[in-house]
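Q: Please see the structure below; I have some questions.
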Amino acid sequence: HTRLLPHQYLSLTDIHQQTGLPELFDTLIVFQNYPVDPATTNALPDTLTISAVRTQDATHYPFSVVAALKSQALELRLDYAADLFDRDTVEVMAGRLVRVLEAISTHPDQPLSQVDVLSEAERRQLLVEWNDTAVDYPTDQAVHTLFEAQAVRTPDAVAVTAGECELTYRELNEQANRLARRLTRLGAEPECRVAILQERSVGLVVSSLAVLKAGGVYVPIDPNQPAARSEFIMRDTGAMALLTDRELQDIGFTIDVPVISAGDGDGDGDGDADGIDAGAGAAGGPGVAVDAQQLVYVMYTSGSTGTPKGVANTHRNVVHLAADRYWRSGRHARVLMHSPYAFDASTFEIWTPLLTGGRIVVAPPGRLDAADLAEAIAAQDVTGLFVSAGLFRVLAEEHPACFLGVREIWAGGDVVSPAAVRRVLEACPGTIVANEYGPTETTVFSAVNPLREPGQVPDTVVPIGRPLWNTQLYVLNDALQPVAPGVSGELYIAGDGLARGYLGRPGLTAERFIACPFGAPGERMYRTGDLVRWTREGQLEFVGRADDQVKIRG
């Protein structure tokens, strides 16, 4: 509806600026093939020579490429809007364009998917330098073995507390030993599955440790989930028993395996307030040999993209996460345990403090709203915690002062709000907010971006950061080739956090855990289905999903 004078024209950008309508496109490619002298065209050699690439900062479009034949050369001109691109970025893009043209003119028969736009320096940066995360840790130790060593070093330090109830490392070790011996008498053997249905409590920590000491694999059952899901998990894992703090009539779903009361201990005591017998004498554990490659737990995905899958993680996976020296800085001396037990964040909340000499602070049982959680954080002098992105936003808006004593917050599971991060950093000087990323299949965390000052927080997207220790992150195209920084691709994760796979699902395991073309022979990487991109600084930004999955509150 814009009236034009004769011979007057408007570019799409002009229309966008005058009307406020969105631009139809933002990248323009023009091949100027007029006028063309047939004699000159016929004289062109089989291989064109790219003599130069020059850039300028005046264009009607955000970005345009103009190509023209000049005698026996192909001249390229890149025009860009200076308020959207800087010259360094455009020159890097120009170099990639040159490499593509050189590749297709030198090897015209190769598939386009094999044309590499990256220079050797860029490729090394993406695959090697930004993934140089090697850190030593005890690769041959089981989770409970490392806990027992910690109990020897600090027997009288408090290991877990819930309100007025607390256990030292010695007491926790002894109570877990008693329950572990009970499990072995009932037939527990290496890698047998034991389902655990308990409220958040000191007793839940005891039960988790006891199953590992008996050589078993714990299977968390969420007390609030539908009965059909609980029954499915029991059948799918082939659980040999259910360990619970509930009366049989209160379990809520059909069960056809032995039910073990978490309050039985050795069967010779009445049990304390947390359901674990505290009256029996101290004794050693059952002495079951456990290899670091054995399973430690099976945790089920939501099933939002099909049948729920049991992710099978090993002792080595958990030790890799929880025993690292990062957690020994003092910022995680008192870790809040509040996540649902069947959610993989509970791995961090239980084993990170226990393997590093810290303390688990157990939040009250049952469902917690934001106010309840804020009170638990402040009242228990919590120094470190994980909180989901949605809950973090609510806490930041309604109770930012609850984080005043917290030294480090790991937030993730969904896109973290920049405004929420900035609000907490402003209200709580000295607190670190770490935006984290990681699927259950890679043992809780795979990438992290610690933010210490409000000025570090971007206005739009908070990057999910860089790879965790002993972790490699690859952003690849459909041909499993790395894409350039700034270009979206699917995220693949390799390293020591990779689970064994999906329990009883070899086909699906082979589909999602594939051979890693960038590692040593036999190494695997996990296909996440998430789209990300590298920034020029080596940070990852989350873009979306590669499929049609829609996430609501994570």
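The values are calculated or read from the model by the stated rules, or taken from the named source; none is laboratory data. Being a predicted model, the structure only gives us computed values, none of them experimental. Note that each Cβ is placed from the backbone with ideal geometry, even for glycine, and that neighbours are counted across all protein chains shown. Side chains are part of the model used for accessible areas, which takes the heavy atoms of the whole protein and leaves out ligands, DNA and RNA. Shrake-Rupley method; radii C 1.70, N 1.55, O 1.52, S 1.80 Å.
Q: Residues in segment 470-491: is at least one surrounded by fewer than 23 Cβ atoms within 10 Å (Cβ to Cβ), charged (D, E, K, R), within 30 Å of Gly330 (Cα to Cα) and over 20 Å from the mean Cα position of the chain (by Cα)?
A: No, segment 470-491 contains no residue that is surrounded by fewer than 23 Cβ atoms within 10 Å (Cβ to Cβ), charged (D, E, K, R), within 30 Å of Gly330 (Cα to Cα) and over 20 Å from the mean Cα position of the chain (by Cα).
Q: Still on this structure: In segment 115-126, is there at least one residue being assigned to a loop (DSSP other than H, G, I, E, B), hydroxyl-bearing (Ser, Thr, Tyr) and over 25 Å from Val318 (Cα atoms)?
A: Checked against the condition, which is being assigned to a loop (DSSP other than H, G, I, E, B), hydroxyl-bearing (Ser, Thr, Tyr) and over 25 Å from Val318 (Cα atoms), segment 115-126 yields at least one hit.
Q: Let me ask something else. Within segment 495-518, is there a residue that is modelled with pLDDT under 95 and more than 29 Å from Arg193 (Cβ to Cβ)?
A: Checked segment 495-518: no residue is modelled with pLDDT under 95 and more than 29 Å from Arg193 (Cβ to Cβ).
Q: Which residue pairs have Cβ atoms under 6 Å apart, sit 6 or more places apart or on different chains, and have a first residue in segment 72-94 that is closer than 20 Å to Pro485 by Cβ and a second that is of a type in the set (Val, Ile, Thr) and modelled with pLDDT of 85 or more?
A: Within 6 Å, the pairs are Leu78/Val65; Leu78/Val90; Tyr80/Val90.
Q: Here's something else I'd like to know. For segment 477-493, indicate whether the set of residues that are among the small types (Gly, Ala, Ser), assigned to a strand (DSSP E or B), touching a Gly at 6+ places or on another chain (Cβ under 9 Å) and at pLDDT 95 or above is non-empty.
A: Checking segment 477-493: not a single residue is among the small types (Gly, Ala, Ser), assigned to a strand (DSSP E or B), touching a Gly at 6+ places or on another chain (Cβ under 9 Å) and at pLDDT 95 or above.
Q: Among the numbered conditions (1) at pLDDT 95 or above; (2) surrounded by fewer than 21 Cβ atoms within 10 Å (Cβ to Cβ); (3) part of a helix (DSSP H, G or I), tell me where Thr356 comes up short.
A: Status for Thr356: all satisfied but (3).
Q: Also: Please go through segment 204-229 and give me each residue that is in a helix (DSSP H, G or I) and surrounded by fewer than 22 Cβ atoms within 10 Å (Cβ to Cβ), ordered by number.
A: If the condition is that a residue be in a helix (DSSP H, G or I) and surrounded by fewer than 22 Cβ atoms within 10 Å (Cβ to Cβ), then Ala227, Ala228, Arg229 are the ones that fit.
Q: For segment 58-67, how many residues are surrounded by 15 or more Cβ atoms within 10 Å (Cβ to Cβ) and at pLDDT below 85?
A: Here the count works out to 3.
Q: Here's a follow-up. Among the residues of segment 95-106 satisfying the criterion of being free of Cβ contacts under 8 Å to residues at least 40 places away in the same chain and open to solvent by less than 60 Å² (accessible area, probe 1.4 Å), which is nearest to Asn477 (Cα to Cα)?
A: Val100
Q: Looking at segment 389-446 only, could you name the residues that are small (Gly, Ala, Ser) and touching a Cys at 6+ places or on another chain (Cβ under 9 Å)?
A: Ala401, Gly405
Q: What's the number of the only condition in (1) touching a residue at least 60 places away in the same chain (Cβ under 8 Å); (2) open to solvent by 20 Å² or more (accessible area, probe 1.4 Å); (3) not in a loop (DSSP other than H, G, I, E, B) that Glu511 fails to meet?
A: Looking at each condition in turn, Glu511 falls short on (1).
Q: Name the single residue, out of those in segment 240-250 being among the aliphatic types (A, V, I, L, M) and open to solvent by 10 Å² or more (accessible area, probe 1.4 Å), that is nearest to Glu349 (Cα to Cα).
A: Residue satisfying both the conditions and the ranking: Met240.
Q: Starting from segment 514-529, take each residue that is surrounded by 14 or more Cβ atoms within 10 Å (Cβ to Cβ) and list its partners that are of a type in the set (Lys, Arg), counting only C-beta distances under 6 angstrom and pairs at least six apart or across chains.
A: Cys516/Arg524; Arg527/Arg512
Q: Looking at Asp109, Asp83, which one is closer than 30 Å to Phe518 by Cβ, assigned to a loop (DSSP other than H, G, I, E, B) and open to solvent by 40 Å² or more (accessible area, probe 1.4 Å)?
A: Asp109 is the lone residue from the list that is closer than 30 Å to Phe518 by Cβ, assigned to a loop (DSSP other than H, G, I, E, B) and open to solvent by 40 Å² or more (accessible area, probe 1.4 Å).
Q: Could you list, in sequence order, all residues of segment 363-382 that are touching a helix residue (DSSP H, G or I) at 6+ places or on another chain (Cβ under 6 Å) and either under 23 Å from Pro223 (Cα atoms) or touching a residue at least 40 places away in the same chain (Cβ under 8 Å) (or both)?
A: Ala363, Ala370, Ala374, Ile377
To keep it simple, each residue is scored yes or no on (1) hydroxyl-bearing (Ser, Thr, Tyr); (2) under 24 Å from Gln294 (Cβ atoms); (3) touching a Ser or Thr at 6+ places or on another chain (Cβ under 9 Å); (4) assigned to a loop (DSSP other than H, G, I, E, B).
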{"residue": "Asp140", "(1), (2), (3), (4)": "no, yes, no, yes"}
{"residue": "Gln150", "(1), (2), (3), (4)": "no, yes, yes, no"}
{"residue": "Pro155", "(1), (2), (3), (4)": "no, no, yes, yes"}
{"residue": "Asn173", "(1), (2), (3), (4)": "no, yes, no, no"}
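Q: Now for a separate question. Look through segment 293-339, keep the residues that are under 15 Å from Leu354 (Cα atoms) and among the basic types (Lys, Arg), and return whichever of them is surrounded by the fewest Cβ atoms within 10 Å (Cβ to Cβ).
A: Arg325
Q: Let me confirm something: among Ser346, Ser339, which residue is farther than 20 Å from Thr145 by Cβ, outside any loop (DSSP other than H, G, I, E, B) and among the polar types (S, T, N, Q)?
A: Ser346
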